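Here's the structure, in structure tokens; my notes come after.
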Amino acid sequence: MLEMRAIDTGAVSLRCAVEGEGPLAIMVHGFPESWYSWRHQIPVIAAAGYRAVALDMRGYGRSSRPLNSDEYSLDKTSADVLAVL
């Protein structure tokens with residue numbers, strides 16, 4: 001069953017959709033999408049024995065929205081994904 005969670009990375013709060021148990025499969029959207037882009041894949045991945053986690057990246061959906069554009073660098077967004085791991 002799909003569950004919405006907020007994960008505190010230490011820098012921002014990321015909203016994510018989570019379903020399933022097992023090894024982690026993280027899904028990251030592109031511009032200008034959100035976790036919802038993965039809605040069809042999430043149950044299939046979960047049924048295959050994985051914990052499917054689809055993120056709203058910083059600045060999107062209900063995740064934190066830092067005001068400074070420097071907070072959206074590749075280093076910062078990569079660190080967000082690593083924090084989820």
Among the numbered criteria (1) modelled with pLDDT of 95 or more; (2) more than 15 Å from the chain's Cα centre (by Cα); (3) of a type in the set (A, V, I, L, M), which one does V28 miss? (2)
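Residues checked against (1) open to solvent by less than 60 Å² (accessible area, probe 1.4 Å); (2) in contact (Cβ under 8 Å) with a residue 24 or more places away in the chain; (3) of a type in the set (A, V, I, L, M):
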| position | (1), (2), (3) |
| --- | --- |
| S13 | yes, yes, no |
| C16 | yes, yes, no |
| G22 | yes, yes, no |
| A25 | yes, yes, yes |
| V44 | no, no, yes |
| Y50 | no, yes, no |
| D56 | yes, yes, no |
Among (1) open to solvent by 40 Å² or more (accessible area, probe 1.4 Å); (2) at positive phi, which single condition is G61 missing? (1)
Looking at the range 43-60 only, could you name the residues that are within 17 Å of A83 (Cβ to Cβ) and part of a loop (DSSP other than H, G, I, E, B)? D56, M57, R58, G59, Y60
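Residues of the range 27-42 being in contact with a strand residue (DSSP E or B) (Cβ under 9 Å, 6 or more places away or on another chain), more than 16 Å from D80 (Cα to Cα) and open to solvent by 50 Å² or more (accessible area, probe 1.4 Å), which ones? Before the answer, list the steps.
So the first thing to find is which residues in the range 27-42 are in contact with a strand residue (DSSP E or B) (Cβ under 9 Å, 6 or more places away or on another chain), and the list is 27-29, 34-39, 41-42.
Next, from what is left, pick out any that are more than 16 Å from D80 (Cα to Cα): 36-39, 41-42.
Hits for the range 27-42 are Y36, W38, R39, Q41.
The values are calculated or read from the model by the stated rules, or taken from the named source; none is laboratory data. Quantities reported herein were computed from a predicted structural model and do not represent experimental measurements. Please note: Cβ atoms are built from the backbone with ideal geometry, for glycine as well, and neighbour counts cover all protein chains shown. Accessible surface areas use protein heavy atoms only, side chains included; no ligands, DNA or RNA. Shrake-Rupley method; radii C 1.70, N 1.55, O 1.52, S 1.80 Å.
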